[in-house]
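The values are calculated or read from the model by the stated rules, or taken from the named source; none is laboratory data. Computed from a prediction, not measured in an experiment: that's the story for all the values here. Cβ: placed from backbone, ideal geometry, glycine included. Neighbour counts: every protein chain shown. To get the accessible areas, we keep the full protein, side chains included, count just its heavy atoms, and leave off ligands, DNA and RNA. Shrake-Rupley method; radii C 1.70, N 1.55, O 1.52, S 1.80 Å.
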Amino acid sequence: MQLADTHSPRDAVTTWLDELTTYTSTTRGVTTALMADPEGGIAVEDSCHGLLHGAAARLVADAAEAGVLRDEVTPLDLITLANALSLASDGDADAARRLLHLALGGVLSRTEAD
């Protein structure tokens, strides 16, 4: 069963990002593998990056269509975000999750002070 089949577009994309960020922050080598160029005879669609890109593509399309994701966000943006947060958190899943929620919610106050 896929997240896109069981969750709203917003919940599917945030759950997927949370799970990917948590997993890559606690699994040595995954972040590096995801960032690697898929050369060496492996078809892009069969590589780890290709499989993640395929999953992210559906989530991005559904979320954009539902109006819960900015139009310019791409599947690669989400994979890159998860990788960056995982690298920045240095193996601390809680720190990675906290940074993800800051990124998703924004870092600016919701009140207009200016």
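Per-structure values
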read-out: Leu3 of a type outside the set (Asp, Glu), open to solvent by less than 50 Å² (accessible area, probe 1.4 Å) and modelled with pLDDT of 85 or more; value: no
read-out: Residue list for the range 87-114, restricted to those being in contact with a Ser or Thr (Cβ under 7 Å, 6 or more places away or on another chain), farther than 14 Å from Trp16 by Cα and open to solvent by less than 80 Å² (accessible area, probe 1.4 Å); value: Ser89, Gly91, Asp92, Ala93, Ala95, Leu99
read-out: Test: Glu45 is open to solvent by 90 Å² or more (accessible area, probe 1.4 Å), of a type in the set (Asp, Glu) and either at pLDDT 85 or above or part of a helix (DSSP H, G or I) (or both); value: yes
read-out: Residue within the range 60-70 that is open to solvent by 30 Å² or more (accessible area, probe 1.4 Å), more than 17 Å from Thr26 (Cα to Cα), out of contact with any helix residue (DSSP H, G or I) (no Cβ under 6 Å at 6 or more places or on another chain) and of a type in the set (A, V, I, L, M) present; value: yes
read-out: Residue check for Thr14: open to solvent by 30 Å² or more (accessible area, probe 1.4 Å), of a type in the set (Ser, Thr, Tyr), at pLDDT 75 or above and over 19 Å from Leu99 (Cα atoms); value: no
read-out: Filter pass, Leu76 being out of contact with any Lys or Arg (no Cβ under 9 Å at 6 or more places or on another chain), surrounded by 15 or more Cβ atoms within 10 Å (Cβ to Cβ) and touching a residue at least 12 places away in the same chain (Cβ under 8 Å); value: no
read-out: Filter pass, Thr27 being among the hydroxyl-bearing types (Ser, Thr, Tyr) and at pLDDT 65 or above; value: yes
